[in-house]
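Read the structure below first, then the notes.
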């Protein structure tokens, strides 16, 4: 398990998946997809982006993307390109890959350990569009796919508020406080009126997580 | 000798080889000597580590490397100082971490999305000047890289346009080839990169007696080299100093 990844993060992400055509980044996102498939979503179809023809023809059929990023901001925009200025970056990241087109067309579940350096008010570079700067922006620029639906962390789950397009705290993992989440979030994080606690792992989920499941 | 060639869809046997073979089995070093020059634009789609180490030994310079993801082999090539310009969509290793030598390298960069590069190869393969896609929308990439907007002449929809990639050479990997140079098991955009390029080398993990067909029909001058899996030198800087001494 990579640093900052917790079982609750994998569980919370896996529970968001119902089935359908999916691609996932290596590491925690793929672990969450496999967990969903081993438990409640056996029909989840996990595609390999290296399949010939995928980029030109297969990608637009993808319904769900499980991804990670270096930075996410208050509107769910994602950065995997550079930290700092594009022309003189302080750090070069892994690059765009399929993330921009995935964020344009599919529903995106972002898995990212909740740390202040990653949860920033505004990303240094918009590699992939979340809500851009407000609730009407996606439609205004011609993005008609769903885009980010949840940012799942080791502390809880953030989802875009349809009225503002801003990410708000909707789920809190066991033992975590709102203050803890706010301390690791770089913008004044709103808490949903319907905040829920993440359910602990079921027996089936625990078995799948420890690899003793089917 | 008994040669085999294809006339239309009919496979024929001839007592003499009247049609030159579509692909030539070659030693890796010979193939690279024939194909790669200083300053070449090289499509690098799955090239194994051995290709990078041969080019590093040869002190090839000023390459433009085009790759969806250069991988560990591309990272070594950049680390050896062979590359002046990188056109990529991702620079990640198999574990998802950034490729260290590329992250630290002072080379010119052109960043794209994976779909953007796939579209650019596709345009190059089709002999078109640019390719069209729905992409880059709402991203900062659109403001920093070579992408433009074109309007659909039929619907009026605005679409992204990327300049075609038509490299001097494509180096791609496939699972296997046969003794006649038929190739099978290309992945990713390997096929498109070969058709987009002027010359191409396919590295394969295995050579078999005979394959029923090739995934690369009609590519004149194609070279095929069997390349064994070779490890990354443990101390690459020391290895490089030694082979160049």
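A Gaussian network model of chain B, with springs between Cα atoms under 10 Å, assigns the largest mean-square fluctuation among B:234, B:120, B:166 to B:234.
Shown for B:55, A:189: other C-beta atoms within 10 Å of each C-beta, ranked fewest to most, produce the order A:189, B:55. In units of the rule-of-thumb radius 2.2 N^0.38 Å, segment A:124-214 shows an alpha carbon radius of gyration of 1.32.
Could you work out the per residue convex hull volume over the alpha carbons of the protein assembly as shown, in cubic angstrom?
It is 170 Å³ per residue.
Listed by Cβ neighbour count within 10 Å, with the fewest neighbours leading, A:179, B:215 appear as A:179, B:215. For the segment B:89-99, counting C-beta atoms of other chains within 10 Å of every residue's C-beta and taking the mean gives 5.
Per DSSP helix of 4 or more residues, -39500 (n - 2.57); summed, then divided by the residues of the protein assembly as shown. What does that give at 222 nm, rounded to the nearest 500?
Computed ellipticity for the protein assembly as shown at 222 nm equals -6000 deg cm²/dmol.
Remark: mean inter-chain Cβ contacts per residue of B:106-119 equal 5, using a 10 Å Cβ-Cβ cutoff to other protein chain atoms. Globularity index of segment A:7-210 is 0.98 (Cα radius of gyration / 2.2 N^0.38 Å, N = number of residues).
Result for chain B in a Gaussian network model with C-alpha springs under 10 Å: among B:170, B:125, B:200, the largest mean-square fluctuation is at B:125.
In what order do B:89, A:192 fall by count of nearby beta-carbon atoms within 10 Å, going from fewest to most? Going from sparsest to densest Cβ surroundings: A:192, B:89. Across segment A:75-166, Cα-Cα pairs more than 19 Å apart make up 38 percent of the total.
Spatially, segment B:50-122 and segment A:127-159 are offset by 31 Å when compared through their Cα centroids.
If you average over every viewing direction, what projected area does the convex hull of the Cα atoms of chain B give, in nm²? Please report the intermediate quantities before stating the final value.
Details: hull surface 62.8 nm².
Projected area, direction-averaged: 15.7 nm².
Entry note, chain A: relative contact order of 20 percent, from Cα contacts under 8 Å with a spacing of 6+ residues.
Hey, in the GNM for chain A with a 10 angstrom Cα cutoff, which one of A:14, A:204, A:33 fluctuates hardest? Largest GNM mean-square fluctuation: A:204. Once Rg and the Kirkwood radius are both taken over the C-alpha atoms of segment B:145-245, their ratio Rg/Rh works out to 1.16.
Here, each number is a calculation from the coordinates, and none is a lab measurement. What you see is a predicted model; the values in this text were computed from it and never measured. Don't worry about glycine lacking a Cβ; one is built from the backbone with ideal geometry, like all the others, and counts go over all protein chains shown.
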